[in-house]
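Contents: one structure, followed by commentary.
Please treat every number below as a calculation from the coordinates, not as lab data. As the structure is a computational prediction, the values presented were derived from the model and not from experiment. Every residue, glycine as well, gets a Cβ built from its backbone with ideal geometry; the counts of neighbours run over all protein chains shown.
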Amino acid sequence: MLGLMQNWPLTVDKILDHAKEWHGGREVVSRSVEGPIVRTTYGQIHERAKRLSNALKGLGVQPGDRVATLAWNTGRHIEAWYGIMGIGAVCHTLNPRLFAEQLVYIVNHAEDKVIFSDLTFLPVLAELLPKMPSVQHVIVMSDDEHLKGCPIPGALSFEALVSQHSADCVWGGFDENTAAGLCYTSGTTGNPKGVLYSHRSNFLHTLVTMGVDVLGISAKDTVLPVVPMFHANAWGLALSGPASGAKLVMPGQKLDGASVHELLESEQVTFSAAVPTVWQMLLTHLRETNGKLTSLKRVVIGGSAVPEAIVRGFRDEFGVDVTHAWGMTETSPLGTQATPNAAIAAMSDEDQLRYKLKQGRPPVTIQLALQDDAGADLPHDGTTFGKLKVKGPFVVGEYFRGDGGAILDENGFFDTGDVATLDEHGFMQITDRAKDVIKSGGEWISSIEIENIAAGHPKAALAAVIGVYHPKWDERPLLLVRLKDGQEGTKEEFLAFLEGKIAKWWTPDDVVFVDDIPLGATGKIDKKLIRDRMKDYVLPTAQVREKA
Ligand code: AMP
C-alpha cells in the first residue's frame, strides 16, 4: 500500500523559491572579483537567476546539458548555480586550481556546452578553449565595461544577459532524480572522475546538514563560506544558506587572513567553514595584528585533519567553537561531524578535545562500515584500523560515464580510500589515506597523526610525513618540515617534541627541512609529489644497515 501524501519532487529550485518567499530581504554580500563589496538579497538573486535561465535557454541549453562554472564564491556564482539547475541543466563546477591539462580533460569529458568564468580566469581559459571543442559560449561573470579587452572573442557578459532577459521562467517540473551538479574528484591516481549529483541527493544533503548536530545554521546566522563552491559544493552552504534564511557573505577570491578577518568583522559573521590552512592563516593574522573576533561563534573545519593547535587557538584565544567534519566529493560532501553526544558533552573540556579532534559521527542517512581487506567487519574499539566504507542517499553510486566500473561492494557500500578507526561513541577517526599509510614491519603507521603533532611545534609552518623504503621494515616514516620564516630547527628538537605523543616505533627515522611542502588543487598536502621529489632520498637508518 502506498502512502497518500503529496508527491513533491525534491528539486533544488524550491530551495531558492523558499528563500525568496520567506527570506526575500535577507542579504547576500560578496567581495566582488572587480573589487567592491556588492550587496544583494535572496529576492534579487532569485529574479536574476531566472533571467539567467532564460538566457541559457536562448543559447540553446537543453535539460541534461552541462554548463560549467569557473568561479569564486560570489552572489553571481549562486545565481549561475540556480539558473542552470532550475531548468534541468547540470551545473559543473570547475576547480581553477587544477593543472591546465586536467581542466581540458574534465571539460572534454563532461562535454560542457557553456562556461561561466570570472574575470580572473579569462587568460587561462582563452589559451585552453581551442582544446575544448564542446564549449559553444563563454559567459564572463561581470559587466560590459569589464569585458573590454577580453581575450575571448564572442564572450558574453553576465550582466548584459541578465538585463536582456525576462524573469518569467518556470523552474523544476522534472523528476527529483534528475542530474543537478557535476564535480570531478581531485584524481590523485588516474584521471579525475565525475560525481554526478541529483536534485534529490542535493536536497537531502541540505536537509541533513541543516541539523543542529551537523552545520546547524539558522535564519539568525550570518554565514561565510570560505570553502569554495568549486570544491565539494562549498559543503552545501549555497543550498543550506538559502534553505535556512541565513545571511551569506561570499569572500570572492581573497582568502588570506586579513581579507577574511575584515569580512568576519564588517559583516558580523557568526558561522564559517573552511579547510585548516585558511584558519591557520587567519589565526596567524589575528595574532600578528592583535585582532579580535567580535561576532564569530562557530567554525567547521574539514577537508583535511584539523590540528589540535587550531582548535585550542580558537577556543582559548577567541572563544570560538571549532567542529571537525569529514567528507569527500563522493559524499556531497559531508559524511561525519565531531559534534559531542550527551556522554561526551558531560566530559571536561580537555577530555572533549580528544573527540573534537576526531572526524566525528554520521548524521541520519549516512551508514559507515569499518572493514579489513577481506571485507570482514572490524571492532569499534577506537584503535583497530580498517577501510572506511560509506553508504547513503547522497553518496556516489557510480562515476559519470561509468568510469572506474562498479564502485560499490556487494552490500552497496563505497570504499572511501580512507583508513580509519571507529570508537565506542561512533566517532570515526581518519588515520590515513589508504595509499599514504606507512607499512612498517607489517604494522601500519598513521602519517597524518605524526604530521599533525609535528605541525604543532612552534617553529613549524607545515609538516608532512611519508613512508620511505627501508630494507628491514619495508617502510619507515620520514618527517618533512617547512619552518616558519626566520626560524632554524634541528632534527633532535623535532623528534624530542614527538616523544611521548606517539608510539616509540612510530618515531620518524629522519627529519628533513624543506622550503616547500606542496599543496594540491584542493588544499591538501600533495604526498604524491612529495614522494616523487624524495624518490632518491635514502634514510640514514637504511644506509647504516646496508653498510653493515
Ligand atoms: P575531496 O573529495 O577532495 O574533498 O577529498 C576527500 C578526502 O579528503 C577524504 O577521502 C579524506 O582523505 C580527506 N579528508 C576530508 N576531510 C578530512 C578530515 N576532516 N580529516 C582528514 N582527512 C579528510
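Compared with the alpha-carbon gap, the fully stretched path from residue 265 to residue 492 is longer by 77.5 nm at 0.36 nm per residue.
If neighbour count is taken as other Cβ atoms inside 10 Å, put 541, 178, 421 in order from fewest to most.
Numbers: 541 16, 178 19, 421 23.
Final ranking by Cβ density, sparse to dense: 541, 178, 421.
Report note on the peptides 428-439, 322-333: ranked by the mean count of other C-beta atoms within 10 Å, highest first, their order is 322-333, 428-439. Would you mind counting up the charge near residue 363? Only other residues with Cβ under 14 Å from its Cβ, with Lys and Arg at +1 and Asp and Glu at -1. That works out to +1. Averaged over residues, the count of other Cβ atoms within 10 Å places the peptides 250-262, 482-494 in the sequence 250-262, 482-494, highest first.
List the pairs from 20/297; 484/504; 435/484; 14/50; 484/535; 504/528 whose alpha-carbon separation is above 18 Å, in the order I gave them.
On the way: 20/297 27 Å; 484/504 27 Å; 435/484 29 Å; 14/50 13 Å; 484/535 25 Å; 504/528 26 Å.
Listed pairs above 18 Å: 20/297; 484/504; 435/484; 484/535; 504/528.
For region 489-548, relative contact order (Cα pairs under 8 Å, six or more residues apart, normalised by length) works out to 26 percent.
Could you give the length gained on full extension between residue 166 and residue 533, defined as 0.36 nm per residue of separation minus the Cα-Cα distance, in nm? It would help to have the intermediate numbers written out before the result.
Working: separation 367, 0.36 × 367 = 132.12 nm, distance 5.50 nm.
So the extension gain works out to 126.6 nm.
Across all directions, the shadow cast by the convex hull of region 1-158 built on its C-alpha atoms averages 11.4 square nanometres. Distances between placed amide hydrogens fall under 5 Å for residue 324 paired with 301, 338, all partners being 5 or more residues away or on another chain. With the simple spin-label model, which puts each label point 7 Å out from Cα in the Cβ direction, the residue 343 to residue 501 separation comes to 2.8 nm.
Order of 425, 205 from fewest to most other C-beta atoms within 10 Å?
Values: 425 17, 205 28.
Ranked by crowding around the Cβ, least crowded first: 425, 205.
Taken along the Cα-to-beta-carbon direction at a fixed 7 Å, the label points for residue 177 and residue 120 span 3.8 nm.
Taking every DSSP beta bridge that has both ends in the chain, the antiparallel portion is near 55%.
Quick one: if the Förster radius is 35 Å, what FRET efficiency do residue 144 and residue 403 give, using the C-beta to C-beta distance and rounding to 0.05?
Working: r = 40 Å, r/R0 = 1.14.
Once the sixth-power term is evaluated, E becomes 0.30.
Sort the following peptides by mean Cβ neighbour count (other Cβ atoms within 10 Å, averaged over residues), highest first: 79-88, 11-20, 144-153, 335-344. It would help to have the intermediate numbers written out before the result.
Numbers: 79-88: 27.3, 11-20: 22.8, 144-153: 12.5, 335-344: 19.5.
Highest-to-lowest ranking by the protection proxy: 79-88, 11-20, 335-344, 144-153.
Bridgeable aspartates and glutamates around residue 254 (alpha carbons under 17 Å apart, same-chain partners fewer than 8 residues away excluded): 34, 118, 262, 265, 267. In order along region 47-54, the Karplus-derived 3J(HN,Hα) couplings, from 6.51 cos²θ - 1.76 cosθ + 1.60 at θ = phi - 60°, round to 5, 5, 5, 5, 4, 5, 4, 5 Hz, and Gly and Pro are given as x. With the biggest extent put first, the Cα atoms of the chain measure 79, 63, 50 Å across the principal axes.
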